[in-house]
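Note sheet for the following structure.
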Amino acid sequence: MAKRKKSDKKKSPIPVTVIAVAIVVLFLIRLVQVFEPLIRNQVFINGITGPLFAGWKLTALGSAFLSSATYLVLSVAGIVVLIGFLRLRRWSWVLLMAWTGASLIISLVDYFYSQPNYAVMASNVIIAFALNITEVQRIFGIRRDDGSSL
């Protein structure tokens, strides 16, 4: 049986690799955002020291837990999308494009009204541009070989 050369292996295009790296960067940023509110409220040092709710409203500690839980869900969802993306699944392209658009809108609102996260903004812009490359759209079945959309 003949051995395959390294050049015979099917390689994923560079934009797919760039998108995968950007997703990993976003995952790491979200992972930091999971722990940051808990560290700020000294949950790891003192434990849960107060109530999470005051009546129907969240306390500062409750807000920290909600924020951490939200970012944890986003981190896990990012890994699921990354796995689908690396397996070249069409649903992952569609989900990633929708997610990137929503994230860019949220980033712009943060930019104008609160603390912008430039790393998230830059990663989202890179992902949006790379997802719109014709070669990437063809790989995921979003665009036909004749250049028209499906």
Members of segment 105-120 that are surrounded by fewer than 17 Cβ atoms within 10 Å (Cβ to Cβ) and touching a helix residue (DSSP H, G or I) at 6+ places or on another chain (Cβ under 6 Å): 116, 119
How many residues of segment 10-64 are assigned to a helix (DSSP H, G or I), over 30 Å from residue 95 (Cα atoms) and of a type in the set (A, V, I, L, M, F, W, C)? The answer is 6
Report the residue count in segment 40-72 for those that are within 21 Å of the chain's Cα centre (by Cα) and buried (at least 16 other Cβ atoms within 10 Å of the Cβ). 5
Scan the helices (runs of 4 or more DSSP H) fully inside segment 84-150 and keep the ones with 1 or more residues being of a type in the set (Gly, Ala, Ser) and at pLDDT 90 or above. 90-113, 118-131
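The values are calculated or read from the model by the stated rules, or taken from the named source; none is laboratory data. Quick caveat, the model's predicted, so the values are computed rather than measured. Reconstructed Cβ throughout: ideal geometry from the backbone, glycine too, with neighbour counts over all protein chains shown.
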